[in-house]
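Just so it is clear, none of the values below were taken in a lab; they were calculated from the coordinates. Computed from a predicted model, the values in this text were never measured in an experiment. Methodologically, a virtual Cβ is constructed for each residue, glycine included, from the backbone with ideal geometry; neighbour enumeration extends over all protein chains shown.
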Amino acid sequence: MCTRVVWPDANGSVIVGRNMDFHMDLLTNLWKLPRGIERTDGVNGTLTWKAKYGSIVATAFDMIATDGMNEKGFAGHILWLAESDYGTPDADAVQLSQAVWLQYYLDNFATVAEAVDWTNDAQVQIAQLFDPTGHLVPTLHLAINDASGDSAIIEYTDGKPKVYHSPDYQVMTNSPTFDKQLELVKTVTGFGGDEPLGGSTLASDRFARASFYVTHQVQPKTQIDAMSAMFSIIRNAAQPFRTPEPGKPDASQTIWQVVLDLTNRRYAFESTTRPNMVWVDLDEVSFAEGTKVLRLDVVGRLALEGGLTGNASHKFTDPGELVQDALAAGVDALEWVARKRDDFTAIQEAVQDLVGKKSAPSHTA
């Protein structure tokens, strides 16, 4: 699921595109989060912080930030990586729940370099989150990029962060791990090999197509040209709606797309199931400490007629404290279930063992 592309030299702007691919609707809305919000790590409360920067984020079920950009033009994107192995966190380790992994970076960093330095120094470990869809325990990796065009990919395959840091790392998809994707793309025409550009939905083919097209762009004359070109690139890497593939009952499809201008701080959102496109100009939004957390309803308001469209910077509304408290309680519950996963597994195994030992009923003539 998912593709992220960075175009670092779009006539003076850094443009980023991202597809969200998933097997079901994530009921994604956009949220405005101001400076000054106090948060904890979602694990044991050892790591606490107060947001230095305000941000616009796209959520899953209004609970988990999956994509976003802060007021400094620093952005992050959560994607799926089946090979992820977060290990067993050490008791004294710096930890972050998957629920706040991206948000920590948006709250605290203005550049990729800052984020990479902290990641390497802290050796932060990631605690998995229980998937609210009840389908899979999420296995994720994180891409970050900033207004200078810098980029990094952070993956966990042995319990420790592996950071790939370079402005040359413009594309990220899914399996295999990023180092292997870099090797696979070398077999494709235009990147040193003689294999044709693949057209399938495989992550490796999407990686090659996105890499090819982002490096074969003419310089845009306007911001609209630049963002339109990026939408074209990520649509080419999108996954169509389809029936499940053999052996892949939960084959992903692209459910929404975003294009970000990190230089001019514009965040555009397009749903594949709701027809209108909206964007937020961060310079028109107040992120001042003490201002309210606000939500832009793109689940219900992207209607074909009379719906929300265009510049929605001033269309955010207050969801109310009751809604925010309920969502926070939902995240707490998901994190609690994730921490107790081993206990639940042990109980399940004990019950299965008990049932297996139950004697068969006797039969009399």
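Things worth noting here:
- Here r is the Cβ-Cβ distance between Glu321 and Val137 and R0 is 30 Å; the resulting FRET efficiency, rounded to 0.05, is 0.45.
- Note on the chain: with charges restricted to the Cβ of Lys and Arg (+1) and Asp and Glu (-1), its dipole about the Cα centre is near 680 debye.
- Rounded if a/c under 1.5, otherwise prolate or oblate - region 115-249, Cα gyration tensor axes: oblate
- The chain: most fluctuating residue of Asp62, Asp146, Asp225 per GNM, C-alpha cutoff 10 Å: Asp225
- Spherically averaged projected area of the convex hull of Cα atoms, the chain: 23.5 nm².
- In order through region 92-100: 3J(HN,Hα) via Karplus (6.51 cos²θ - 1.76 cosθ + 1.60), integer Hz, x for Gly, Pro: 9, 6, 6, 10, 9, 5, 4, 5, 10
- Of Lys52/Lys72; Lys50/Lys72; Lys72/Lys221; Lys52/Lys292, those spanning more than 22 Å from alpha-carbon to alpha-carbon: Lys72/Lys221
- For Gln253, the residues whose modelled amide H falls within less than 5 Å of its own, excluding neighbours fewer than 5 places apart on the same chain, are Phe22, His23.
- The simple spin-label model puts a point 7 Å past each Cα toward its Cβ; for Thr46 and Gln123 those points are separated by 1.2 nm.
- Rounded if a/c under 1.5, otherwise prolate or oblate - region 211-291, Cα gyration tensor axes: oblate
- Environment charge of Thr28, counting only residues whose C-beta is closer than 15 Å and scoring Lys/Arg +1, Asp/Glu -1: -1
- Assuming charge only on the beta carbon of Lys and Arg (+1) and of Asp and Glu (-1), the dipole of region 18-62 about its Cα centre is about 360 debye to the nearest 20.
- Given charges at beta-carbon only (K, R positive; D, E negative), |dipole| of region 32-108 in Debye: 480 debye
- Since only Leu102, Phe74, Ile37 are under comparison, the one whose Cα sits farthest along the positive direction of the charge dipole of region 23-147, derived from C-beta charges on Lys, Arg, Asp and Glu, is Ile37.
- Sequence-separation-based contact order of the chain, relative, with Cα cut under 8 Å and 6+ spacing, percent: 22 percent
- Shape call, region 173-238: gyration tensor on alpha carbons, a/c limit 1.5: prolate
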